[in-house]
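Only the coordinates and a few stated rules stand behind these numbers; no lab work does. These figures come from a predicted structure and were not determined experimentally. We place every Cβ from the backbone using ideal geometry, glycine too, and count neighbours over all the protein chains shown.
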Amino acid sequence: MKDMTISELHQKVEREGVKGFLAQDEAETLWRWVREVAHKAPCLEIGSYCGKSTLYMASACCASDSVVFAVDHHRGSEEHQLGEEYHDAELYNPQAQFMDSFPEFRKNIDKFGLAHRVIPVVASSELLARVWQSPLSLVFVDGGHAPETAHHDCTRWVTHLVPGGILAVHDIFASPEDGGQGPYDAVQSVLQGGAFEWVEKVNSLGILRKRDSK
Ligand code: SAH
Ligand code: MG
């Protein structure tokens, strides 16, 4: 099940009913950028949930024999908690009274035969960032949407990107009527730093590239 085409991937994701929050055009864009840069260094995502984005990133890693670090505490964001808009009862443990998306994540990665491309890190982005030291070719930010969380995830992780590396950020909404401004504002902060250039936006997925340092 190596190196599936993008349409085979879309079809299998649909067929298997993989839970998640990534639209097809966003998934394809993420896949395309991972294919472009993953030969330079491993990739990393913040916010794996049930593995939808992970599957596209991992599959895109096959061509260059690369890997993706899939970071998530698997306890869900604010909107996934009991009683909130995106709560999924199938991912809730009523005895323990917490969300746990990790079993579903693992099941999906195994089902697609991609375990050899994925290094799950069951931890918060903040905790891992404190000790992380390795260069990365692409960072996909899709974790917590609170302004301080989005700001942390964008500004902290980009320091590990290699020159020409990609920052991909989900849920970018230029207008507050369309969605929360945390990720949008975080991307503006990164751009203001001057080390990144804006590349493209597909649906709500924004792509920035780290300039070559001269
Ligand atoms: N990328 C996924 C959707 C991610 S939903 C897809 O393609 O479907 C957001 C995820 O971010 C949730 O699983 C939540 O547990 C995780 N998350 C929220 N805040 C986090 C943090 N501070 N550190 C790590 N993961 C976090
Ligand atoms: Mg998202």
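Brief remarks on what is shown
- When only alpha carbons are used to place a centre, segment 50-121 and segment 1-30 end up 14 Å from one another.
- Charge dipole (debye, nearest 20) of the chain; +1 at Cβ of Lys and Arg, -1 at Cβ of Asp and Glu: 1000
- Taking every DSSP helix (H) stretch of at least 4 residues in the chain, weighting each as -39,500 (n - 2.57) and dividing the sum by the residue count yields a mean residue ellipticity at 222 nm of -10500 deg cm²/dmol.
- Taking a straight line from the alpha carbon of Lys210, these lysines sit under 26 Å away, with near neighbours fewer than eight places off in the same chain left out: Lys40, Lys52, Lys201.
- With the simple spin-label model, which puts each label point 7 Å out from Cα in the Cβ direction, the Val162 to Arg211 separation comes to 2.1 nm.
- Among beta bridges from DSSP that stay inside the chain, the antiparallel ones total about 40%.
- One way to sum up the overall shape of segment 128-190 is the equivalent ellipsoid from its Cα gyration tensor, whose semi-axes run 22, 12, 8 Å, largest first.
- Glu90/Ser175 FRET efficiency (R0 35 Å; Cβ-Cβ; nearest 0.05): 0.60
- Ranking Phe105, Trp132, His145 by Cα position along the charge dipole of segment 86-149, where only Lys, Arg, Asp and Glu carry charges on their C-beta atoms, puts Trp132 farthest toward the positive end.
- Length gained on full extension, Gln188 to Phe98, computed as 0.36 nm times the residue gap minus the Cα-Cα distance: 29.0 nm.
- Under the simplified labelling scheme, the Glu16-Glu78 pair shows an inter-label distance of 3.2 nm, with each label point 7 Å from Cα along Cα→Cβ.
- Of the residues His87, Ser64, Ser53, the one whose Cα sits farthest towards the positive end of the charge dipole of segment 27-104 is Ser64 (charges of +1 on Lys and Arg Cβ, -1 on Asp and Glu Cβ, taken about the Cα centre).
- Length gained when the stretch Ala115-Thr155 is fully extended (0.36 nm per residue, less Cα-Cα span): 11.5 nm
- Multiplying the residue separation of Ala123 and His39 by 0.36 nm and subtracting their alpha-carbon distance yields 27.7 nm.
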